[in-house]
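Worksheet: the structure to be examined is printed underneath.
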Amino acid sequence: MVKTLVSIIVAALVIVGGGIAENAYLSATFDGLTDVYEEIYHSSEQEKCTVGQAESAKKAWFDKKKTLHALIPHTEIKEVDLWVYELTEYVRQGNFKEASAKAYVILELFDKIPKTFSISLENLL
């Protein structure tokens with residue numbers, strides 16, 4: 001009986017600890033990506049964004065998404081992929097109004113995705 005109870009407590013602590021670690025990792029990852037894409041957003045607003053900046057931001061996303069596949073659904077990642085590709089192409093075309101709109105949506109996704117998978121009462125119910 002004691003071993004069973006201890007096993008249950010240990011398993012629960014591992015699950016909670018893993019959830020907290022996952023939440024911290026997602027927050028840190030998306031905070032870093034937010035910094036990158038805020039720069040793109042502001043540069044696009046000022047019509048000064050370069051293709052190199054957009055490609056660098058795209059690379060930052062693709063580097064991080066490799067590990068994100070283990071933590072968030074593919075549909076979320078695919079959605080960000082599409083917006084990132086569109087943003088890069090609009091910068092390439094010099095269409096900064098559309099590029100800044102795409103960057104804004106990406107920033108909103110980076111804000112919402114970690115919250116969707118965070119440990120909260122609304123996500124547990």
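Since every read-out is calculated from the coordinates, none of them should be taken as a lab result. Worth saying up front: this structure is predicted, and the values here are computed from it rather than measured. Every residue, glycine among them, receives a Cβ derived from its backbone with ideal geometry; neighbour counts consider all protein chains shown.
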Revision key, fill the gap. Which residues qualify? For Ile72, with a placed amide H closer than 5 Å and at least 5 residues away or on another chain, they are none
Study note, to complete from the structure: Helix 74-93: inclination vs the chain longest Cα principal axis, degrees, rounded to 10, gives 20 degrees
Review point. Once the Cα atoms of helix 96-116 and of the chain are each reduced to a long axis, what angle between those two axes, in degrees from 0 to 90 to the nearest 10, is obtained?
Key: 0 degrees
Review point. Considering amide H positions built from the backbone, and no H for Pro or chain starts, which residues 5 or more places from Cys49, or on another chain, come under 5 Å of its amide H?
Key: Ser44
Review point. Out of [x] 2, 8, 11, 10, 7, 6, 5, 5, 5, 5, 5, 4, 4, 4, 3, 3, 3, 3, 2, 2, 1, 1, 0; [y] 2, 11, 19, 20, 18, 13, 8, 5, 3, 1, 0, 0; [z] 2, 11, 19, 19, 14, 10, 8, 6, 4, 3, 2, 2, 1, 0, which label holds the value of P(r) over Cα pairs in 5 Å bins from 0, in percent that was computed here?
Key: [z]
Revision key, fill the gap. Computed from the beta carbon distance with a Förster radius of 30 Å, FRET efficiency for Val2 and Ala24 to the nearest 0.05 stands at 0.40
Revision key, fill the gap. Per the rule of 0.36 nm per residue minus the C-alpha distance, extending Thr67 to Glu98 adds in nm 8.3 nm
Exercise for review: Compute the long axis of helix 51-68 from its Cα atoms, compare it with the longest principal axis of the Cα atoms of the chain, and write down the angle in degrees, 0 to 90, nearest 10.
Suggested key: 10 degrees
Review point. For Pro114, what charge total do you get from the other residues with a beta carbon under 13 Å from its beta carbon, if Lys and Arg give +1 and Asp and Glu give -1?
Key: -2
Practice item. Compute the distance in nm between two label points, each set 7 Å from the Cα along the Cα-to-Cβ direction, one at Ser118 and one at Glu39. Key: 2.6 nm
Review point. Which order, highest average first, do 50-56, 40-46 follow once you tally other Cβ atoms within 10 Å for each residue and take the mean per peptide?
Key: 40-46, 50-56
